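The values are calculated or read from the model by the stated rules, or taken from the named source; none is laboratory data. For clarity, every value in this text was computed on a predicted model and none was experimentally measured. As a convention, Cβ positions derive from the backbone with ideal geometry for all residues, glycine included, and neighbour counts pool all protein chains shown. Only protein heavy atoms, including side chains, enter the accessible area calculation; ligands, DNA and RNA are left aside. Shrake-Rupley method; radii C 1.70, N 1.55, O 1.52, S 1.80 Å.
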Amino acid sequence: MNLSVNFAGLKLKNPVIAASGTFGFGREFSNFFDLNRLGGISVKGLTLEPRKGNPPPRIAETPGGILNSVGLQNPGVHAFIREEIPFLRQFDLPIIVNIAGNTPEDYCAMAEILSEADIDAIELNVSCPNVKKGCLLFGSTPEGVSEITAVVRKVCKKPLIVKLTPNVTDITQTAKAAEASGADCVSLINTLLGMAIDIEKRKPILANTMGGLSGPAVKPVAVRMVYQVSKEVKIPIIGMGGISNGEDAVEFLLAGASAVMVGTAGFVNPGVWVETAEGIEAYMKKHGFGKVSELTGALQE
Amino acid sequence: MNFDTIIRKTEKLSEGIYLIRLHSARIASKAVPGQFVNVRCSDGLNAYLRRPISICRVDRKNNTVDIVFMNRGKGTNLLCSFAQGDTLDAMGPLGNGFTLPKEKERIAVVGGGIGVFPLLYLLEESHCACKTAFLGFRTKEAIVLQDAFHRTAQKLVIATDDGSYGTNGLITAPFMAWLEAERPDRVYSCGPAPMMKIVARACVQKGIFCEVSMEQRMGCGIGACLVCACKVQDGDDYQYAHVCKDGPVFPAERLIF
Ligand SMILES: Cc1cc2nc3c(=O)[nH]c(=O)nc-3n(C[C@H](O)[C@H](O)[C@H](O)COP(=O)(O)OP(=O)(O)OC[C@H]3O[C@@H](n4cnc5c(N)ncnc54)[C@H](O)[C@@H]3O)c2cc1C
Ligand SMILES: Cc1cc2nc3c(=O)[nH]c(=O)nc-3n(C[C@H](O)[C@H](O)[C@H](O)COP(=O)(O)O)c2cc1C
Ligand code: FES
């Protein structure tokens, strides 16, 4: 069966993409399965200069999920281009480059550099809850999203995805701002800001006090947000948040997503990406769908 | 993707300490001392993440792997109820192991609490001139695998925090006294961070080869998520290395405690 999807200038052989920050640059998981079976990869969030990240502990387990406060540890955009693109190009795999910055200038500089690189799309991370400056600040208001999207759009020669934060009152506002400012696609959701406390020590578990919640616990919130956004924007949506199998992914597609990203579930089950694609296929067979795009927004209301 | 192993045996070694013997050719054939397996304690959302547990012993002939753990939370508590014949999902072997000693060398291991388990595997795989083990436990009742350590090490020193067995107090005291008189070729340590810090510092000062095995909360266990950070030297600056992929065993001089 053909699982390919084609949207926003991206051609994916199946709609399951590895979510940024959960899959590194693909090297580690390539020891466990054939990366050619992925629909795509969104690489670990990059910044202009290398970043050390936050002190540990950087993870706390919570019911059905995790909090992380990695803080965008990454080798910087130049090292990525030099060392990671050649590795990823061994595979038949669209490369989506997730970028974050402190200033509009940072985002622009990276978009310019990456426009000349051998990659397939840029995903603007305006929603990282784990860094002090920039990033989430821009993503929290429609004005901030507009500002960054518009300036990057001017220099960006690749398909432009804007990744939205769920830490807002009305996500359709930031989604509409991204669309109006030239985004080709929106991806959602990034992590939900959360906190966990060790009651014996009376201290936060994360050294950074707060972190981003992901995993099965966030799925209903994420599905709801994809649904709401799909009613308000015309550009395609990549849905994510807590997907663990094909059925979960189908929920996001029915709610209006054109493709999905899967992250946290892969820590527990490294087979999750392949199994999710297989699960979507099984659902399509069972219900007589011929193309993945027929599922997008096919919710009966 | 299948990481299933079959449980051959379970045993309660002491209050709160359990051994599980896994049958797995995959793990037994590849494992080296210092590596760990990342086990799934439940199929559901309770204790969602895998738990890293060191490999304590490998029997290559029979393809069995022993892990020993302390029941100290949700996940390990679920592990206690696994029984012979059950399937346990264990990813691995993961991480980098210890550098094994050469034939003529003299080594010492310094372990505390749950840190002693990988050191037993190291001693049993080390075929060298002289092996000395320093082990610290909370109390007499917490001492486990004493016979096994006794069989593989020429000299075994045990300390308990409450003085109920062996030397009274921390194991670092007898180790430091011993180090005044002896000059081992290699020292290996695993246990509480304050203990490893003392051992590492003493060895680095004296120029003795020393490796320590670090612990950190993990997500993926393979180096993809970057959560298991551990501060290491990088020229005049520092970096965060990752315990699951760059470790858990690190050269002592690289670490910043
Ligand atoms: C490389 C490595 C090897 C280890 N080897 C052993 C071993 O041989 N025997 C043994 O008994 N224990 C070992 N541990 C520690 C063991 O992983 C933790 O005790 C266990 O994860 C606690 O889980 P829990 O659900 O019982 O506790 P909970 O407190 O309920 O766990 C909650 C979360 O915190 C994490 N966590 C809690 N304490 C620790 C800790 N000290 N280190 C790492 N993660 C922690 C858990 O993995 C989980 O994600 C090792 C840890 C590492 C990193
Ligand atoms: C450890 C970790 C690191 C992450 N790093 C990034 C990142 O660098 N950039 C980004 O846009 N999202 C990052 N995310 C968010 C994920 O891409 C995704 O939006 C979120 O985890 C929800 O999906 P999931 O529940 O399938 O993991 C990270 C998530 C985790 C768990
Ligand atoms: S646990 Fe994911 S990088 Fe170490």
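If you take just the strands (runs of 3 or more DSSP E) that sit entirely in segment B:74-174, which of them hold at least 3 residues that are within 30 Å of B:Ser42 (Cβ to Cβ)? Before the answer, list the steps.
Values: elements: B:87-94, B:106-112, B:130-137, B:155-160.
Hits in segment B:74-174: B:87-94.
Hey, among the residues in segment B:29-53 that are modelled with pLDDT of 95 or more, in a loop (DSSP other than H, G, I, E, B) and among the small types (Gly, Ala, Ser), which one's nearest to ligand 1 (Cβ to nearest atom)?
Here is the first cut: in segment B:29-53, the residues modelled with pLDDT of 95 or more are B:29-41, B:47-53.
From what is left, the residues that are in a loop (DSSP other than H, G, I, E, B) are B:31-35, B:40-41, B:47-50.
Going one step further and asking which of them are among the small types (Gly, Ala, Ser), we end up with B:31, B:34, B:47.
Working: B:Ala31: 13, B:Gly34: 9, B:Ala47: 5 Å.
Selected residue: B:Ala47.
Condition first: of a type in the set (A, V, I, L, M, F, W, C) and within 8 Å of another protein chain (Cβ to nearest Cβ). Now tell me which residues in segment B:209-253 satisfy that. If you could, list the steps in order and put the result at the bottom.
Applying the first criterion (of a type in the set (A, V, I, L, M, F, W, C)) to segment B:209-253 yields B:209-210, B:212, B:214, B:218, B:220, B:222, B:224-230, B:232, B:241, B:243-244, B:249-250, B:252.
Once the filter is applied, which keeps residues that are of a type in the set (A, V, I, L, M, F, W, C) and within 8 Å of another protein chain (Cβ to nearest Cβ), segment B:209-253 yields B:Met218, B:Cys220, B:Ile222, B:Ala224, B:Cys225, B:Leu226, B:Val227, B:Cys228, B:Ala229, B:Cys230.
Conditions (1) within 13 Å of another protein chain (Cβ to nearest Cβ); (2) closer than 21 Å to A:Pro159 by Cα, marked per residue:
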{"site": "A:Lys44", "(1), (2)": "yes, yes"}
{"site": "A:Pro56", "(1), (2)": "yes, no"}
{"site": "A:Val70", "(1), (2)": "yes, no"}
{"site": "A:Pro86", "(1), (2)": "no, yes"}
{"site": "A:Pro94", "(1), (2)": "no, yes"}
{"site": "A:Ile99", "(1), (2)": "no, yes"}
{"site": "A:Asn102", "(1), (2)": "no, no"}
{"site": "A:Ala117", "(1), (2)": "no, yes"}
Any pair with Cβ under 6 angstrom, 6 or more apart, that starts in segment B:1-22 at a residue that is within 14 Å of chain A (Cβ to nearest Cβ) and ends at one that is among the hydrophobic types (A, V, I, L, M, F, W, C) and outside any loop (DSSP other than H, G, I, E, B): B:Phe3/B:Ala90; B:Phe3/B:Met91
Within segment B:78-110, the residues that are open to solvent by 10 Å² or more (accessible area, probe 1.4 Å) and over 25 Å from B:Ile222 (Cβ atoms) are B:Cys80, B:Ser81, B:Ala83, B:Gln84, B:Gly85, B:Pro101, B:Lys102, B:Glu103, B:Lys104, B:Glu105, B:Arg106
From the option list A:Val250, A:Val274, A:Val262, single residue qualifying as open to solvent by 10 Å² or more (accessible area, probe 1.4 Å), away from ligand 1 (no atom under 16 Å from the Cβ) and touching a Phe, Trp or Tyr at 6+ places or on another chain (Cβ under 9 Å) is A:Val274
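Going residue by residue through segment A:278-295, is there one that turns out to be assigned to a helix (DSSP H, G or I), modelled with pLDDT of 95 or more, within 16 Å of the chain's Cα centre (by Cα) and within 14 Å of another protein chain (Cβ to nearest Cβ)?
Quick first cut of segment A:278-295, residues assigned to a helix (DSSP H, G or I) only: A:278-287, A:292-294.
Right, trim to modelled with pLDDT of 95 or more and you get A:278-287, A:292-294.
Among the residues that remain, those that are also within 16 Å of the chain's Cα centre (by Cα) are: none.
Checking segment A:278-295: not a single residue is assigned to a helix (DSSP H, G or I), modelled with pLDDT of 95 or more, within 16 Å of the chain's Cα centre (by Cα) and within 14 Å of another protein chain (Cβ to nearest Cβ).
Looking at segment B:208-226, which of its residues are within 16 Å of ligand 2 (Cβ to nearest atom), in contact (Cβ under 8 Å) with a residue 12 or more places away in the chain and out of contact with any helix residue (DSSP H, G or I) (no Cβ under 6 Å at 6 or more places or on another chain)?
Scanning segment B:208-226 gives B:Gln216, B:Met218, B:Gly221, B:Ile222, B:Gly223, B:Leu226.
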Every listed condition ((1) open to solvent by 20 Å² or more (accessible area, probe 1.4 Å); (2) touching a Lys or Arg at 6+ places or on another chain (Cβ under 9 Å); (3) under 23 Å from A:Asn125 (Cβ atoms)) holds for A:Met195 save (2)
Out of the residues in segment B:113-135 meeting the condition of being open to solvent by less than 20 Å² (accessible area, probe 1.4 Å) and of a type in the set (Gly, Ala, Ser), tell me which one is nearest to B:Phe175 (Cα to Cα). B:Ala133
Strands (runs of 3 or more DSSP E) wholly in segment A:45-137 with at least 3 residues that are farther than 19 Å from A:Gly266 by Cβ - which ones? A:121-125
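May I ask you to say which residue of B:Glu215, B:Glu211 is within 16 Å of ligand 1 (Cβ to nearest atom) and open to solvent by 30 Å² or more (accessible area, probe 1.4 Å)?
On the way: B:Glu211 fails: open to solvent by 30 Å² or more (accessible area, probe 1.4 Å).
It is B:Glu215.
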Does B:Ala202 meet the test of being among the hydrophobic types (A, V, I, L, M, F, W, C) and more than 9 Å from chain A (Cβ to nearest Cβ)? yes
Restricting segment B:218-257 to residues that are part of a helix (DSSP H, G or I) and surrounded by fewer than 22 Cβ atoms within 10 Å (Cβ to Cβ), which is nearest to ligand 3 (Cβ to nearest atom)? B:Arg254
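Kindly evaluate B:Val37 against the criterion of being open to solvent by less than 10 Å² (accessible area, probe 1.4 Å), hydrophobic (A, V, I, L, M, F, W, C) and under 15 Å from the mean Cα position of the chain (by Cα). Lay out the reasoning, then the answer.
Working: open to solvent by less than 10 Å² (accessible area, probe 1.4 Å): yes; hydrophobic (A, V, I, L, M, F, W, C): yes; under 15 Å from the mean Cα position of the chain (by Cα): yes.
The answer is yes for B:Val37.
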Within segment B:54-67, how many residues turn out to be buried (at least 23 other Cβ atoms within 10 Å of the Cβ) and part of a strand (DSSP E or B)? 4
